[in-house]
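Visitor: Here's a structure for you.
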Protein chains: 2
Amino acid sequence: MLKSLGARTILYPTPVSVVGTYDKDGKPNVMTAAWVGICCSRPPCIAVSLRKATYTHGNIVERGAFTINTPSEKYVKETDYFGLVSGREADKFSAAKLTPVRSDHVDAPYVKEFSLVLECKLRHTIEIGLHTQFIGEIIDVKADEAILENELPDMKKLKPILYAPEARKYYGVGSYLGEAHSLGKKM
Amino acid sequence: MLKSLGARTILYPTPVSVVGTYDKDGKPNVMTAAWVGICCSRPPCIAVSLRKATYTHGNIVERGAFTINTPSEKYVKETDYFGLVSGREADKFSAAKLTPVRSDHVDAPYVKEFSLVLECKLRHTIEIGLHTQFIGEIIDVKADEAILENELPDMKKLKPILYAPEARKYYGVGSYLGEAHSLGKKM
């Protein structure tokens, strides 16, 4: 029996991403975001939605670039911290003992210790309501060689963090269920 | 050591969603999409990106509405099938032995057997490239009472499907890692 829960932001799960930016003085910042998703295959683009009040919002407008960094389970505390504190008040890289590295292709830093990084150039800015959606073209993907399998990241080695909005809970990735574009052929 | 993989649509994982629509004649259709994400909290909005060639793309333009249905692991074959075949050629609901139900608030059908459903009204249409991004306002969330805990869906009861783009693999949800907006306070 389906029960109505009202108008709410419930999509289970959302992938947990850490957005890397420079501010106008060149200070690197990181912020955790769950309102993230791929939004185009050609050119490859990713959308991240942020409140105008965030420090990262101003940085993206200023620099026209950002990185999307995927934290592994072992960085779940640091990742949660990156969403609790503003870059206006803290040097979050230092507090978390993580290392900012200048991207090769865009004007934004990535997190050296994380295993998967997307360098993105801002292409579209869409005002929706409380959140602004920034659409970035993915200029390059970088991954730790240790998590690769057949030249692609392996989910079980990457161990990304999943988020349950509103319930405010984090989860890991579980069992392999099967091959996409293949299982359905049996129907 | 980070290795460059080039410009690719790699975000791990993406949540697997089934998009429900009516065509111009009122035939219900479902299509699997992984380019999906929440994009605003107020009003609550979700973005889904589709190629113009898909049947669902035309249906959303025609009807101005869609549903986002979250399949559980046990429907992984049906879900994969919904992404392999076009609604132009098949009645996918019948083929999968699933039941279309007219939404209460929008002009689109949802999948009766799935445990989590979002009824969405089209608010913005953004042409990005190969994909068009449709931003829908979430008018209502419906969930099976059997998956609720404290009036919210429980991830371990819902058992949503995760997708690894490019590697083309499906995974389930794993262990609980901790409470968001809380773990990071220890830093």
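Read-outs throughout are calculated quantities, based only on the coordinates presented, and are distinct from any laboratory measurement. Remember, it's a predicted structure, so these values are computed and weren't measured experimentally. Cβ atoms come from the backbone with ideal geometry, glycine included; neighbour counts cover every protein chain shown.
Visitor: Could you please tell me the mean projected area of the C-alpha convex hull for segment A:40-187, averaged over all directions and given in square nanometres to one decimal?
Guide: 11.2 nm²
Visitor: Starting with the fewest neighbours, write out A:PHE134, B:PHE93 ranked by other beta-carbon atoms found within 10 Å of each beta-carbon.
Guide: Exposure proxy ranking, most exposed first: B:PHE93, A:PHE134.
Visitor: Something else about it: Out of A:PRO100, A:PRO153, A:PRO28, any idea which swings most in a Gaussian network model of chain A, alpha carbons joined below 10 Å?
Guide: It is A:PRO153.
Visitor: Amide H of B:LEU130 versus every other amide H placed in the peptide plane: which residues, excluding those fewer than 5 positions away on the same chain, fall under 5 Å?
Guide: Amide H to amide H, under 5 Å and 5 or more residues apart or across chains, B:LEU130 pairs with A:SER41, A:ARG42.
Visitor: Given charges of +1 on the Cβ of Lys and Arg and -1 on the Cβ of Asp and Glu, with all other atoms neutral, how large is the dipole of chain B about its Cα centre, in debye to the nearest 20?
Guide: Here the size comes out at about 620 debye.
Visitor: Quick query: amide H of A:GLY178 versus all other amide H atoms, modeled in the peptide plane; which residues come in under 5 Å with a sequence gap of 5 or more or a different chain?
Guide: B:TYR170
Visitor: Which ³J(HN,Hα) values, rounded to whole Hz and listed in residue order, are derived for segment B:148-165 from phi using the Karplus coefficients 6.51, -1.76 and 1.60 in 6.51 cos²θ - 1.76 cosθ + 1.60 with θ = phi - 60°, glycine and proline given as x?
Guide: Values per residue, Gly and Pro as x: 7, 9, 6, 6, 10, x, 9, 4, 6, 8, 5, 6, x, 9, 9, 10, 9, x Hz.
Visitor: Could you give the longest part of chain A that holds none of the GluC sites (Glu not before Pro) found in DSSP loops with at most 12 neighbouring Cβ atoms within 10 Å?
Guide: Value returned for the longest uninterrupted segment is A:1-88.
Visitor: Give me the aspartates and glutamates in straight-line cross-link reach of A:LYS97: C-alpha distance below 13 Å, same-chain residues under 8 apart excluded.
Guide: A:GLU78, A:GLU113
Visitor: For segment B:32-102 and segment B:129-151, what is the separation of their C-alpha centers, rounded to whole Å?
Guide: Distance between centres, Cα-based: 11 Å.
Visitor: Taking neighbour counts of Cβ atoms within 10 Å as a proxy for exposure, in what order, fewest first, do A:ASP23, A:ASP140 appear?
Guide: A:ASP23, A:ASP140
Visitor: Given the rule -39500 (n - 2.57) for each run of at least 4 DSSP H residues, summed and divided by the residues of chain A, what is its mean residue ellipticity at 222 nm, to the nearest 500 deg cm²/dmol?
Guide: It lands at -3500 deg cm²/dmol.
Visitor: List, in order, the whole-Hz ³J(HN,Hα) value for each residue of segment B:38-47 obtained from phi through the Karplus relation with A = 6.51, B = -1.76, C = 1.60 and θ = phi - 60°; use x for Gly and Pro.
Guide: So the Karplus estimates, Gly and Pro as x, are 5, 10, 6, 8, 9, x, x, 9, 10, 10 Hz.
Visitor: Where does the longest stretch of chain B lie that holds no trypsin sites (Lys or Arg not before Pro) found in a DSSP loop with 11 or fewer other Cβ atoms within 10 Å?
Guide: B:98-187
Visitor: Okay, next question. Which one of B:ASN150, B:ASN29, B:ASN69 has the biggest mean-square fluctuation once chain B is modelled by GNM with Cα springs under 10 Å?
Guide: Largest GNM mean-square fluctuation: B:ASN150.
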